[in-house]
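Written below as structure tokens is the structure these notes are about.
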Amino acid sequence: MADMIITNGHILTMEPGKEREFSKGMVVIDEGIITEVREKTQETADIIVDAQGGIVMPGLVNTHTHAAMTLFRGYADDLPLSQWLQQHIWPAEAKLTDNDIYNGTLLACLEMIKSGTTCFNDMYFHMDETAKAVEKAGIRAALSYGMIEFGNKDKADAELKEGSRFVQRWHGKADGRITAMYGPHAPNTCSREFLQRVKDKAREDGVKVHIHVLETETELKEMKEKYGMCSIHMLNNIDFFDSDVIAAHCVWLSDGDIKILAEKGVNISHNPVSNMKLASGIAPVEKLLKSGANVCLGTDGCASNNNLDMFEEMKIAALLQKVSTMDPTALPAKEVLKMATVNGAKALGINAGMIRKGALADIIIVDRNKAHMRPFYDAASHLVYSANGQDVMTSIVNGKLLMQDYEVLCMDEMKIIEQASVAAEDLIQRVNE
Ligand SMILES: O=c1[nH]cnc2c1ncn2[C@@H]1O[C@H](CO)[C@@H](O)[C@H]1O
Ligand SMILES: [Zn+2]
């Protein structure tokens, strides 16, 4: 007998090139893997999840965030990026403890599980604690220690050592739910020599690299002054780019940069809410997709968003491309849904983001028994333009129910909220001392 069957739901498979929909289908799960997807027939299993009145779809993949930054939600708003980071966020981050990161990450995991994200890509500090929180919550994640050396040789050695220690300790852990990566912060906070060393080490270790790239015009100007070229050309010159790189933001791109990113198979995490809030600019997502690049979707941290709701992110991504290109056909719902599922899973190298035989059972069920979800013509349209994270009823990761019919099963919800609030209060007191 199978471990689990999800039955009676409207299934959206999202398989690239051959997306299927079943108005009353069933998904069979065994040992964390999807073993069958088809029209409903009678069947039994250890656990039967009734998805009546729901859309069954792949869990959302958030390809760029800093989970523990939930502790800074609403702490410093309405500021430009450099001022926001240098005067507010970095001084506060200097006071973060292991305990803060653990509790902040658990709060993020709770929020993600409740709003349909089954996997996230994180770069931050005290990452052992992030990994422990992921292990406990049951969610899937790609994690990297955020390295910043500003060209300092001693710092470079220490940062790479810590990044490497983290990769050795956590890659493939938590029943395979954790993937570890290297996380050099950005081309203007890390030197060219350091970035080259990091990429060499990542290739040697067979792991991916997660980096911020051309988020702001300031970065573009700094790079041109320092190297006589933009970040994309500098990184390309040191052979940094391949399909094992996740480049977050990529806002300030020339047509030549887009060609390089597409040719090298670089994965681009678009983070429209953060880019709008910090007034960083608008990434050329339509052009990137047309060039064949793999574009996925992220929220960035809670200090620049201020939530982790990937439904909100999908809608804003679509709207922003339309208004910036003055073309209502730009970034249609189906395309943005792919960014948040299959493209994200591809970027992180996980066999998920779609409901098909052999894929990891990372699945969510979205409620359509709600006023704003009726009538029902097109599932993709509703998911992108009408739904929000609070419409997610059920979340499954690795074949395990983390939330069922709005009830969180993997953790004590009120305890997590309370612990994170206490940690944040204490942290801000230390910052203000
Ligand atoms: O949008 C952003 N741009 C640049 N840095 C960021 C952004 N969001 C968070 N961080 C910062 O990146 C470091 C993690 O490696 C942290 O210092 C975090 O505050
Ligand atoms: Zn970021």
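The values are calculated or read from the model by the stated rules, or taken from the named source; none is laboratory data. What you see is a predicted model; the values in this text were computed from it and never measured. No Cβ is skipped: glycine too gets one built from the backbone with ideal geometry, and neighbour counts run over all protein chains shown. When the accessible area is computed, the model is the full protein with side chains, heavy atoms only, and any ligands, DNA or RNA have been set aside. Shrake-Rupley method; radii C 1.70, N 1.55, O 1.52, S 1.80 Å.
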Exercise. Could you tell me whether the stretch 285-298 includes any residue that is over 17 Å from the mean Cα position of the chain (by Cα), within 16 Å of ligand 1 (Cβ to nearest atom) and surrounded by 18 or more Cβ atoms within 10 Å (Cβ to Cβ)?
Key: no
Quiz item: Just to be sure, is LEU319 more than 16 Å from ligand 1 (Cβ to nearest atom), within 22 Å of ASN388 (Cβ to Cβ), modelled with pLDDT of 95 or more and surrounded by fewer than 19 Cβ atoms within 10 Å (Cβ to Cβ)?
Solution: yes
Quiz item: Do we have any residue at all in the stretch 398-416 that's outside any loop (DSSP other than H, G, I, E, B), at pLDDT 95 or above and in contact with an Asp or Glu (Cβ under 6 Å, 6 or more places away or on another chain)?
Solution: no
Quiz item: For the stretch 280-316, what are the residues that are assigned to a helix (DSSP H, G or I) and within 16 Å of ligand 2 (Cβ to nearest atom)?
Solution: CYS302, ALA303, SER304, MET310, GLU313
Quiz prompt | Single unsatisfied condition, GLY172 versus (1) surrounded by fewer than 17 Cβ atoms within 10 Å (Cβ to Cβ); (2) more than 15 Å from ligand 1 (Cβ to nearest atom); (3) over 16 Å from ASN398 (Cα atoms) | solution = (3)
Self-check item: So LEU220, is it assigned to a loop (DSSP other than H, G, I, E, B), open to solvent by 20 Å² or more (accessible area, probe 1.4 Å) and away from ligand 2 (no atom under 16 Å from the Cβ)
Solution: no
Exercise. Report yes if GLY399 is open to solvent by less than 10 Å² (accessible area, probe 1.4 Å) and not β-branched (Val, Ile, Thr), otherwise no.
Key: no
Exercise. Kindly indicate whether ILE11 is in contact with a Phe, Trp or Tyr (Cβ under 7 Å, 6 or more places away or on another chain) and outside the structural domain of TYR145 (by TED's automatic domain parsing).
Key: yes
Practice problem: Taking ASP122 as the residue in question, decide whether it is within 14 Å of ligand 2 (Cβ to nearest atom) and over 22 Å from GLU425 (Cβ atoms). | Solution: yes
Practice problem: Mind listing whichever residues of the stretch 317-334 are among the charged types (D, E, K, R) and either within 16 Å of ligand 2 (Cβ to nearest atom) or in a helix (DSSP H, G or I) (or both)? | Solution: LYS322, LYS334
